[in-house]
Amino acid sequence: MVSFRKKKSSKNVDTTAPKGAEGTVPSPSEKAADDAREPETTKAPIPSRPPQMEDIPDLLETMTTEKGEKSAAATKRIYELCDVGHKQNRVPMVCSGKYDVLTPLAQCLTQESGDGRHLACLALNNLSIPTENKRVMALGPSSSAVIGGLCKVIAEDKQESYLCCICLMNLSFLEASITTMLQHSPVPDGSDPIPPLHNSESLIRILEKLLKNAPAVPKSGSGKSEGVRWACGLIKNLAKSEENAALFGKTDIPKCVVGNIRNTTAPPGRWTSNSLEDFSLFVILNLAQWPVSRQALIEAEAINVIKPIMAEGDLQGLKATMACAFLGAPWTDFPEGGSTAAKSISELMTNIIEKKGKDGQYAYGVFKLYTATKAYRDLCYAANSSDGDVVDSNTKVLAVPSAVALCLQVVSDLVLAADDEVNGGSKYVPDVKSAEYSAAAVTYMLPAILQAGDPPRKSIQSEKACGEIATMLTQYANLAGTSVQGKDSAMKASEEIKAASGSARPILEISHESWTQYRKREGQPLDQFLSQEKGIEVDESGPLDFLPCVNSESQCAIL
């Protein structure tokens, strides 16, 4: 929340009036301007007590029927009912069904009077914080008026533009709303709908214009720089959807956010949370993971711009590393032979599954498992593709047993979740994309995973590991919901692992043991992936499998 104090998290951005804005009397020049527009000389009475919830109907009526100072005074009272000292009122004001505060506040956004517009922005920001309110404001009956009013202020480049961007960003933390929000494309009543990309008044085109018109190096703390900063925070959230990414990829927004990183003078180690650079790198990361928007970033030379950031050992370095993996950066671009990238992304996968955050960097929920597993898969692909004729595969830094076991865990947990007859399963059920990316990562790491022991030797443990892992991957490939790419990766890996069962494979053995220990801790059935093949029935005359009665419920006499 934004309270004009330093905050660590952008989630649920709260807005209180800046110093001098709340509870102050307009300047003489502002009064004169208002008086010129509204010759009414009778000033609104100042209530002798703080506003109460029961005052809301009267305040709303004043807001909608009066103008100038009277309307602004009523808007201020609405704002005071939901300010930082009255957080408990925010949900009842929006969700109780007793009042419609959203439509009048949205109407105030169109006022020429700066006081009423500013106070309406502050109130809408505070009301947009509770999760319950987000759904009503972004998807409810008043959503078009609210989003439309906020967009209008941004489009007209009013001084409250940055507050409107913050409010929209608050609403975009509700992931169910992000595709609907970016489809906002207003037309006059009775007109045919216009696609967002063909409408200059759509949200996406307004955001694009804001970023394109920003100075290359905006003055820090200025209204223009704050508007661009929070617009990038909004785009960061909206870009989590592939459907939205397809729209962003057809605008100049990818070029603009890459330019934000290129033009900054601050080193990555000094980028603060919620800074323009922090938001811009997040936008690049979120757009890079989708094929529909990746090309726009490549054409903007994003890899060259963010590649140096990978050397940072913090959150910015992690984001840059994942983005470079998504964008297809060559293996040689990753610092320290890829070991830093491998460690940071595998650690991220673990933290997501175990619902942990990394101290001082990110909280659980910032990254999705499918994003982390996809980055690991693409990193494995980059390493595998650069192997050539080398003896030791570049995937060796990625194929550490803990990371391999984690990939096996993601795939097997999905297999168990899909089997209704299995008793016991994972507390964390992965999505189908995460399983697909994990299976592909295993496939690309096989040159290292299947490296024979030195000296070569036979190993019953390796033979068991090969059989069990191959069976699990085959079961995954045969699931109804497995994609063609997932099926191909899993079957290729299964066949290669089966063929490698004759010799000791140390990395495979240790990875299998770690995976087995995880399944024991979770109480999962340990015989789920054992070979189900049965022997051939025989008698003194030899095998009987040619008889039609074998393996059937019918009875037959064997002489």
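The values are calculated or read from the model by the stated rules, or taken from the named source; none is laboratory data. Here the structure is a predicted model, which is why all the values come from computation and not from measurement. Neighbour counts run over all protein chains shown; Cβ positions are idealised from the backbone, glycine included. For the accessible areas, the whole protein counts, side chains as well, though only heavy atoms, and no ligand, DNA or RNA atoms are used. Shrake-Rupley method; radii C 1.70, N 1.55, O 1.52, S 1.80 Å.
When you count the other C-beta atoms within 10 angstrom of each residue and take the mean per peptide, 317-323, 244-250 line up highest first as 317-323, 244-250. Given the C-alpha centroids of segment 129-148 and segment 52-71, what is the distance between them in whole angstrom? Spelled out, the Cα-based centre of one part sits 21 Å from the other.
Round to a whole number: what % of the accessible area of segment 221-296 belongs to carbon and sulfur, probe 1.4 Å?
Working: 1190 of 2490 Å².
Solvent-exposed carbon and sulfur of segment 221-296 make up 48 percent of the total.
The calculated FRET efficiency for Asp387 paired with Ala266, based on their beta-carbon distance and R0 = 25 Å, is about 0.05.
Solvent exposure of segment 311-401, expressed per residue, is 42 Å² of accessible area, with all protein chains present and a 1.4 angstrom probe.
Over segment 51-191, with every protein chain in place, what whole percent of the accessible area is carbon and sulfur at 1.4 Å, could you tell me?
Numbers: 2610 of 5280 Å².
Summing carbon and sulfur atoms, their accessible area is 49 percent of the total for segment 51-191.
With a 1.4 Å probe and every protein chain left in place, work out the accessible area per residue of segment 63-195 in Å², rounded to a whole number.
Working: 4990 Å² over 133 residues.
That works out to 38 Å² for each residue.
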